[in-house]
Amino acid sequence: MSKIIPLLETPVKLRPIRLKWTCSITGDCCKVVNTVLMSPAEQAEIVAYVSPDLAATLRWASDESGRFVRLQAHPCPLLRADNRCGVYPVRPYNCRRWGCMRADVTKEPLEPDHSFLGCANARERFHQNRGIRRQLAHMQTKAQRWALRHGWTPDDSTPEGGLGGV
C-alpha cells in the first residue's frame, strides 16, 4: 500500500548527503523517543529476549485502538550503555523502519519532528535526493516484511507511520 507524501509546508534546508547511509550508533533516536508503538507479538518477542529482571522493569500501555501497545521510554529502556539496542535482533517495526540519514552526526544534531519520517534530518534529505528516497524505501520494505509477520496489517496507519511507508 502506498502512502501519499504531504507537500512541504516549509522550504527544505539543504543538507549534506551520504548515500549508502549506515547508522552511526549514537543512540540519539532512542534517547528522544517517548514511547515505541508495537504489536503484542513484538512485545512478546522483546519480553522473551531480555532478562526477567529487565522485563519486569519495562512499562507498557495500550494504545487508543487497543490493537497495539506502547513501550514507555525517554530514553528507551532497551538502549544499552554503549548506545546499542539491547534487543536489536527483535527490535520492533517502528525502530526497524527509522533512519535519521545524517551524514556526520558530530556536526548535525538530531532534529525530531512529527513528520512521516520522524525527524527533519531525514525528511529534508528525502525531499532533496532521489538516492535517499530509494534507501528509505528499501528500509521501509524490509521493515514491512517484519511487521506483517508480527501482527501489523497493510491497513494499519499510525502517527508513527503504520505500514504506509515512504
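Readers should treat all values here as calculations from the given coordinates under stated rules, not as data from a laboratory. Since the model is a prediction, treat every value here as computed from it, not as a measurement. Backbone-built Cβ (ideal geometry, glycine too); neighbour counts: all protein chains shown.
Tally the residues that are under 27 Å from residue 66 (Cβ atoms) and either in contact with an Asp or Glu (Cβ under 7 Å, 6 or more places away or on another chain) or free of Cβ contacts under 8 Å to residues at least 60 places away in the same chain (or both), restricting the search to region 123-148. Total satisfying the criteria: 6. Of everything in region 48-61 that is of a type outside the set (A, V, I, L, M, F, W, C) and out of contact with any strand residue (DSSP E or B) (no Cβ under 6 Å at 6 or more places or on another chain), the residue that is surrounded by the most Cβ atoms within 10 Å (Cβ to Cβ) is 49. Please verify whether residue 144 is surrounded by 17 or more Cβ atoms within 10 Å (Cβ to Cβ), touching a Leu at 6+ places or on another chain (Cβ under 6 Å) and either assigned to a loop (DSSP other than H, G, I, E, B) or not charged (D, E, K, R) (or both), treating the condition exactly as stated. Criteria met by residue 144.
Considering (1) in contact with a Gly (Cβ under 8 Å, 6 or more places away or on another chain); (2) assigned to a helix (DSSP H, G or I); (3) over 24 Å from residue 23 (Cα atoms), the lone condition that residue 156 does not fulfil carries the number (2). Name the residues in region 9-29 that are free of Cβ contacts under 8 Å to residues at least 60 places away in the same chain and surrounded by 15 or more Cβ atoms within 10 Å (Cβ to Cβ), would you? Of everything in region 9-29, just one residue is free of Cβ contacts under 8 Å to residues at least 60 places away in the same chain and surrounded by 15 or more Cβ atoms within 10 Å (Cβ to Cβ), namely 27. Whenever a residue of region 30-49 is under 17 Å from residue 147 (Cα atoms), its partners that are charged (D, E, K, R) and surrounded by fewer than 20 Cβ atoms within 10 Å (Cβ to Cβ), lying with C-beta atoms within less than 9 angstrom and at least six residues away or across chains, give the pairs 36/70; 37/63; 37/70; 38/70; 39/67; 40/67; 41/149. Scanning region 96-122 for residues that are free of Cβ contacts under 8 Å to residues at least 60 places away in the same chain, surrounded by fewer than 22 Cβ atoms within 10 Å (Cβ to Cβ) and either of a type in the set (A, V, I, L, M) or part of a helix (DSSP H, G or I) (or both) yields one hit, 96.
Which condition number does residue 45 fail, the rest of (1) in contact with a Gly (Cβ under 8 Å, 6 or more places away or on another chain); (2) surrounded by 16 or more Cβ atoms within 10 Å (Cβ to Cβ) being met? Only one criterion in (1) in contact with a Gly (Cβ under 8 Å, 6 or more places away or on another chain); (2) surrounded by 16 or more Cβ atoms within 10 Å (Cβ to Cβ) is unmet by residue 45, namely (1). Considering region 44-68, the residues that are in contact with a Pro (Cβ under 8 Å, 6 or more places away or on another chain) and outside any loop (DSSP other than H, G, I, E, B) include one that is nearest to residue 110 (Cα to Cα), namely 46.
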